[in-house]
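See below for the structure under consideration.
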Amino acid sequence: MWSINARKLLRRKAELEARLTNSGVDILLVQETWLSEDVESVTLSGFMLAGRLDRAVGPKKGYGGIAVFVRNSLSSLAVLEYSDSAERMWCVLRTHIGDILLGNWHRPPD
């Protein structure tokens, strides 16, 4: 699992895909995607988008935002909840030893 601050996911997409190719990473938590409703979908080769929460209000609308990507071969992760008051989402990963709760949260410095 990787957790990264992308600071504009679309600008870094090619580099990120190259790094993920031989990384062995199955779950990718991304902060500061800088996506907005103008971007209908975003893909990463070999991964599916499990969840996405864009910053929709405020003076910095279109910045911030979070996303969770899962390798196509992994089907045991599900988004449980999106927060209404923060850029935060909770996911559950089902494993043979029990469930693991994952949180992806971007907390802006201001």
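The values are calculated or read from the model by the stated rules, or taken from the named source; none is laboratory data. Source: prediction; values computed, not measured. Counting neighbours? That spans all protein chains shown, and the Cβs are built from the backbone with ideal geometry, glycine included. Surface areas here come from the heavy atoms of the whole protein model, side chains and all, with no ligands, DNA or RNA. Shrake-Rupley method; radii C 1.70, N 1.55, O 1.52, S 1.80 Å.
General observations
- Considering segment 20-72, and only residues there that are in contact (Cβ under 8 Å) with a residue 12 or more places away in the chain, small (Gly, Ala, Ser) and open to solvent by 50 Å² or more (accessible area, probe 1.4 Å), the residue that is farthest from Leu9 (Cα to Cα) turns out to be Ala56.
- Flag for Arg88 being open to solvent by 100 Å² or more (accessible area, probe 1.4 Å), charged (D, E, K, R) and either in contact with a helix residue (DSSP H, G or I) (Cβ under 6 Å, 6 or more places away or on another chain) or in contact (Cβ under 8 Å) with a residue 12 or more places away in the chain (or both): no
- Hits in segment 6-30 - residues which are in contact with a helix residue (DSSP H, G or I) (Cβ under 8 Å, 6 or more places away or on another chain) and part of a strand (DSSP E or B): Leu28, Val30
- Matching residues, segment 82-93, being at pLDDT below 95 and farther than 19 Å from Val42 by Cα: Ser83, Asp84, Ser85, Ala86
- Restricting attention to segment 32-80, the residues that are closer than 14 Å to Cys91 by Cα, of a type outside the set (Gly, Ala, Ser) and part of a strand (DSSP E or B) add up to 10.
- With respect to the conditions (1) closer than 24 Å to Arg7 by Cβ; (2) touching a Ser or Thr at 6+ places or on another chain (Cβ under 7 Å), Trp105 falls short on a single one, namely (2).
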